[in-house]
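Working notes, beginning with the structure itself.
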Amino acid sequence: MGLVGVPENGNGETGISLALGSKNKYRRMDSELTEDDDDYLREKRKSTTRKYVLACAVFASLNNVLLGYDVGVMSGAVIFIQEDLKITDVQVEVLIGILSIISLLGSLAGGKTSDVLGRKWTMALAALVFQIGAAVMTIAPSFEILMIGRILAGVGIGLGVMIAPVYIAEISPTIARGSLTSFPEIFINVGILLGYVSNYAFSGLSVHISWRVMLAVGILPSVIVGFALFIIPESPRWLVMQNRVEEARLVLLKTNEDEKEVEERLKEILVAAGMSNGEKYDEKPVWRELLSPSPPLLRMLVTGFGIQCFQQITGIDATVYYSPEIFKQAGIENNSKLLAATVAVGITKTVFILFAIFLIDKLGRKPLLYVSTIGMTVCLFSLALGQTLLGKGELNIALTILSVCGNVAFFSVGLGPVCWVLTSEIFPLRLRAQAAALGAVGNRVCSGLVAMSFLSVSHKITVGGTFFIFSFISAFAVLFVYKFVPETKGKSLEQIELLFKNELDWQESEIELGDAEQLVDKQ
């Protein structure tokens, strides 16, 4: 890139070069910098870039703490809400499940909103709407007011859940995209754990106050999001779509270690956005493409929508929301012990998500999905057997805790984070936000259906029978991964589109792309 008019310092380096820590190919003859200095500057830029991208991923994921916290805290808070407001089991199911159903409205709106306002300000809107909803729930004097707050919180969560992985995928360098895009799921787990801890910490307060304090604590992460907006940049791919190419280049310079890679990525984004020499060509509206998809886009939609649905219909929300009820069926009666057992579930879920961070860009997405879905199938089946064949007692308690913790552990290793990574990677740039929003809608609908029906279904066919169904669905998820999910590790977002151009012969297309990448790297 030309740096005409940029002043040099005394060593012949431009201010921009030093700020970025990049290697300066052209030096003045009197330059005193040695090759060791160049290496130092390169390493300094790498370190600065990695820290900056990491900070962006962390701040973008904070909204997901809200979803996790809600899932965790409601599992315990509902015990006190039911006692304080005198609500029925059906009202409990509606209260818990309505957030997932309503959040689909936020996710649906999020696709279009993020294309208009940008990824960054959509995250801000999500935090604001959730804050209002959480405040209403905290002061709610009745079930009806509590539901109004719950609906607002659901819209905010829906916005945040769909936009965070899209934003992170669009700012991340290819080599670390999988790990960074799994951050939203990590923060969901952190939120769940915080919710469980909050339940345990405030359970000693009066019935009228305890659940209100539990819900009020959830406002804090969304406040931090407001401060984060002053640090994180807008998505470079969204900037290109707005014809703000130079701004996009500056963001890419901050988030990529190599200037050559910046120009290559910018060219790919320009092509993907349908731009040539800074001018867009006209295409049919996004909604029309999604309603009448081409064969490659149809395959993308099946993969993205399918993996989002399987993430929820395998019963993870039933395991997490209703873990106190499951443990009670096994024989744990004391409320404090029930909440302590749920803390163990939260710790397990959070710890095992760390394995996904380190492995997703090394082993790949598909191997982790295989390990996850197979492991979940085994744990769900053992939980069903224990609840069906063993009565209340120490043996069933031990098996239930082991099975529940095993299920959330395998979920966190693969299906939990990889689901969001895939749906943020596989869609073309023009369609990415709104297509990812459709996937999030499927996720939220399935989550709501599970959360709102678990108690009723388990009363009809027992808890064991319900988990037999979940184990069967989980086994089917293994087949879905084999048939419909490609490996996207190590490919740019623009290269991933090519995987869907061919029929579902993933292996052949991945080898071809891998060979092409090696040729490029050797140049």
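The values are calculated or read from the model by the stated rules, or taken from the named source; none is laboratory data. What you see is a predicted model, and the numbers here were worked out from it, not measured in a lab. Please note: Cβ atoms are built from the backbone with ideal geometry, for glycine as well, and neighbour counts cover all protein chains shown. Heavy atoms of the whole protein, side chains included, go into the accessibility calculation; ligands, DNA and RNA do not. Shrake-Rupley method; radii C 1.70, N 1.55, O 1.52, S 1.80 Å.
Some observations on this one:
- Screening T466 on (1) modelled with pLDDT of 80 or more; (2) crowded, with 22+ Cβ neighbours inside 10 Å; (3) closer than 24 Å to T181 by Cβ shows it passes everything except condition (3).
This table checks each residue for (1) over 18 Å from G72 (Cβ atoms); (2) polar (S, T, N, Q).
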{"position": "I192", "(1), (2)": "no, no"}
{"position": "G195", "(1), (2)": "no, no"}
{"position": "S198", "(1), (2)": "no, yes"}
{"position": "F202", "(1), (2)": "no, no"}
{"position": "S206", "(1), (2)": "yes, yes"}
{"position": "W211", "(1), (2)": "no, no"}
{"position": "M214", "(1), (2)": "no, no"}
{"position": "V217", "(1), (2)": "no, no"}
{"position": "V225", "(1), (2)": "yes, no"}
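So that you can scan it fast, the table gives a plain yes or no per residue for (1) of a type outside the set (G, A, S); (2) in contact with a Cys (Cβ under 6 Å, 6 or more places away or on another chain); (3) open to solvent by 40 Å² or more (accessible area, probe 1.4 Å):
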| position | (1), (2), (3) |
| --- | --- |
| L180 | yes, no, no |
| I188 | yes, no, no |
| V197 | yes, no, yes |
| A228 | no, no, no |
| K267 | yes, no, yes |
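- Test: residue in the range 482-493 that is exposed (fewer than 15 other Cβ atoms within 10 Å of the Cβ) and modelled with pLDDT of 50 or more: yes
- Qualifying residue in the range 255-262 (condition: exposed (fewer than 15 other Cβ atoms within 10 Å of the Cβ) and modelled with pLDDT of 75 or more): no
- Qualifying helices (runs of 4 or more DSSP H) (wholly inside the range 292-385; at least 3 residues being open to solvent by less than 10 Å² (accessible area, probe 1.4 Å) and within 19 Å of T400 (Cα to Cα)): 316-321, 323-330, 335-359
- Just one residue in the set A318, A340 is closer than 22 Å to N199 by Cα, modelled with pLDDT of 80 or more and in contact with a Phe, Trp or Tyr (Cβ under 8 Å, 6 or more places away or on another chain); that residue is A318.
- Considering each residue of the range 176-184 in turn, at least one proves to be over 15 Å from L220 (Cα atoms) and not in a helix (DSSP H, G or I).
- Some residue of the range 54-61 being modelled with pLDDT of 75 or more, out of contact with any helix residue (DSSP H, G or I) (no Cβ under 7 Å at 6 or more places or on another chain) and open to solvent by 10 Å² or more (accessible area, probe 1.4 Å): yes
- The requirement of being at pLDDT 85 or above, of a type in the set (D, E, K, R) and open to solvent by 10 Å² or more (accessible area, probe 1.4 Å) is satisfied by K460.
- Qualifying positions in the range 85-131 - surrounded by fewer than 19 Cβ atoms within 10 Å (Cβ to Cβ) and at positive phi: K86
- Whichever residue in the range 386-437 is open to solvent by 10 Å² or more (accessible area, probe 1.4 Å) and among the charged types (D, E, K, R) and, among such residues, is nearest to I326 (Cα to Cα): K392
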